[in-house]
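Engineer: This is the structure I have questions about; it appears just below.
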Amino acid sequence: MYKGIIRPLLFLMGPETVHQLVVALIKFFFAIPLVKQLVRAIYTTRDARLRREVFGLAFENPVGLAAGFDKNASFYRQFAAFGFSFVEVGTATPVGQPGNARPRSFRLPADKALINRMGFNNRGARAIAERLSKGRTNMIIGGNIGKNTSTPNELAVEDYADAFLALYDHVDYFVVNVSCPNISDLSHLQDREQLAGILSRLSTIRAGLVRKKPILVKISPDLNWGQIDDVLDLMEEFGMDGIVATNTTITREGLLTESEKVEKIGQGGLSGKPIRARSTEIIGYIYQKTAGKLPIIGVGGIMNPEDAVEKLTAGASLVQVYTGFVYEGPGLVKKINKALLRN
């Protein structure tokens, strides 16, 4: 019903409008007694064989919702009912910011893809922390952190430290986002010297706190093998706990969508089916390079259960969906978990 009726109607509107509408409708209906419980019963798969312990945290199943969907921790409690075992909120910056000008999110239906240049629009790390403090679920919450657009790269370490401390008591793990293509020059923070400064600072801060929480790094699919090696070396040096592979891409190769349409959309990060293979390739490389010792969250182009199994087989410990959830609907998580139980 979703792909035959609901999705065609939703796709008549812009992606950002649909996102806001869907969230509002879910909140409205979940306020009705028993609706949330009914949705949970339909979409949640509970089986001990799905459980994973990764970087010291116990996950009910290996499927999570990627960062960017719930930027402000506005509806993570509702989305637990769709079968996710974890949700990554953010990207959170120290100071709230509106992001880039609209339109900033675009669909490429022929490619089952999205292009976005949202620009870290969020209400700020402290506002997100306040929302998280008002109620938690059993679901694991990750905090994706970044720098403000106006902060120059040479001062970025202060932004990451600020967001890190603001969210520390309210999330279960952190993801250092240095790879989003929609913030000017952010990808340069993946360079060895810049990244070393950020990871060193976060590691030092964490060492002085009572409870040690996992820190992961999210990398771009556009890095070459040498650059990935540099990231891995720094992660080992500063005791990072895992890696998220991968973010969106700036490449536009091999798309089925007319080139004129793609050019008209302009800049932004491409997600969805076109980055599936590259994301999986990077996961496999990292797994081999680290002898399977570094936990990997695989994200990028998971449009069906087979794509999720592919990433887990390549070496991912967990997977996240975003664009696949948009195109395939709320049943995707259950389908993935059912497929894992069959394998």
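The values are calculated or read from the model by the stated rules, or taken from the named source; none is laboratory data. All values derive from a computational prediction rather than experimental measurement. Don't worry about glycine lacking a Cβ; one is built from the backbone with ideal geometry, like all the others, and counts go over all protein chains shown.
Engineer: Quick one: in the stretch 1-45, which of the residues that are without any contact (Cβ under 8 Å) to a residue 60 or more places away in the chain and aromatic (F, W, Y) is surrounded by the fewest Cβ atoms within 10 Å (Cβ to Cβ)?
Structural biologist: Of everything passing the filter in the stretch 1-45, F28 is surrounded by the fewest Cβ atoms within 10 Å (Cβ to Cβ).
Engineer: For the stretch 126-157, which residues satisfy the criterion of being assigned to a helix (DSSP H, G or I) and either touching a residue at least 12 places away in the same chain (Cβ under 8 Å) or of a type in the set (A, V, I, L, M, F, W, C) (or both)?
Structural biologist: Of everything in the stretch 126-157, those that are assigned to a helix (DSSP H, G or I) and either touching a residue at least 12 places away in the same chain (Cβ under 8 Å) or of a type in the set (A, V, I, L, M, F, W, C) (or both) turn out to be R126, A127, I128, A129, R131, L132, S133, N153, L155, A156, V157.
Engineer: Among the candidates Q194, Q267, Q190, which residue alone is of a type outside the set (V, I, T), closer than 28 Å to F106 by Cβ, at pLDDT below 95 and touching a helix residue (DSSP H, G or I) at 6+ places or on another chain (Cβ under 8 Å)?
Structural biologist: Of Q194, Q267, Q190, the one residue that is of a type outside the set (V, I, T), closer than 28 Å to F106 by Cβ, at pLDDT below 95 and touching a helix residue (DSSP H, G or I) at 6+ places or on another chain (Cβ under 8 Å) is Q190.
Engineer: Something else now. Would you check if there is a residue in the stretch 35-54 being part of a loop (DSSP other than H, G, I, E, B), at pLDDT 95 or above, under 18 Å from the mean Cα position of the chain (by Cα) and of a type outside the set (S, T, Y)?
Structural biologist: No: the stretch 35-54 contains no residue that is part of a loop (DSSP other than H, G, I, E, B), at pLDDT 95 or above, under 18 Å from the mean Cα position of the chain (by Cα) and of a type outside the set (S, T, Y).
Engineer: Restrict the check to the stretch 243-260 and report whether at least one residue is more than 25 Å from S105 (Cβ to Cβ), out of contact with any Gly (no Cβ under 8 Å at 6 or more places or on another chain), modelled with pLDDT of 95 or more and not charged (D, E, K, R).
Structural biologist: yes
Engineer: Could you grab the pairs with beta carbons closer than 7 Å, sequence gap of 6+ or different chains, first residue in the stretch 270-297 and of a type in the set (F, W, Y), second one crowded, with 23+ Cβ neighbours inside 10 Å?
Structural biologist: Y287/I296
Engineer: When residues of the stretch 171-184 are filtered for being crowded, with 20+ Cβ neighbours inside 10 Å and at pLDDT 90 or above, how many remain?
Structural biologist: Total meeting the criteria: 6.
Engineer: Considering only the stretch 16-54, state which residues are basic (K, R) and over 19 Å from E328 (Cα atoms).
Structural biologist: Selection gives K27, K36, R46, R49, R51, R52.
Engineer: For K71, work out the one condition from (1) buried (at least 17 other Cβ atoms within 10 Å of the Cβ); (2) within 23 Å of Y2 (Cβ to Cβ); (3) of a type in the set (K, R) it doesn't fulfil.
Structural biologist: (2)
Engineer: Also: Has the stretch 262-275 got any residue that is under 25 Å from I215 (Cβ atoms) and of a type in the set (A, V, I, L, M, F, W, C)?
Structural biologist: Within the stretch 262-275, one or more residues are under 25 Å from I215 (Cβ atoms) and of a type in the set (A, V, I, L, M, F, W, C).
Engineer: So, restricting to strands (runs of 3 or more DSSP E) that lie completely within the stretch 57-125, which ones have at least 1 residues that are closer than 21 Å to G301 by Cα?
Structural biologist: 63-65, 86-92, 105-108, 113-116
Engineer: Being of a type in the set (D, E, K, R) and surrounded by fewer than 20 Cβ atoms within 10 Å (Cβ to Cβ) is the filter here; which residues of the stretch 291-311 pass it?
Structural biologist: Answer for the stretch 291-311, where residues must be of a type in the set (D, E, K, R) and surrounded by fewer than 20 Cβ atoms within 10 Å (Cβ to Cβ): K293, E306.
Engineer: Would you be able to say whether some residue in the stretch 132-148 is crowded, with 23+ Cβ neighbours inside 10 Å, touching a Gly at 6+ places or on another chain (Cβ under 8 Å) and of a type in the set (A, V, I, L, M, F, W, C)?
Structural biologist: Within the stretch 132-148, one or more residues are crowded, with 23+ Cβ neighbours inside 10 Å, touching a Gly at 6+ places or on another chain (Cβ under 8 Å) and of a type in the set (A, V, I, L, M, F, W, C).
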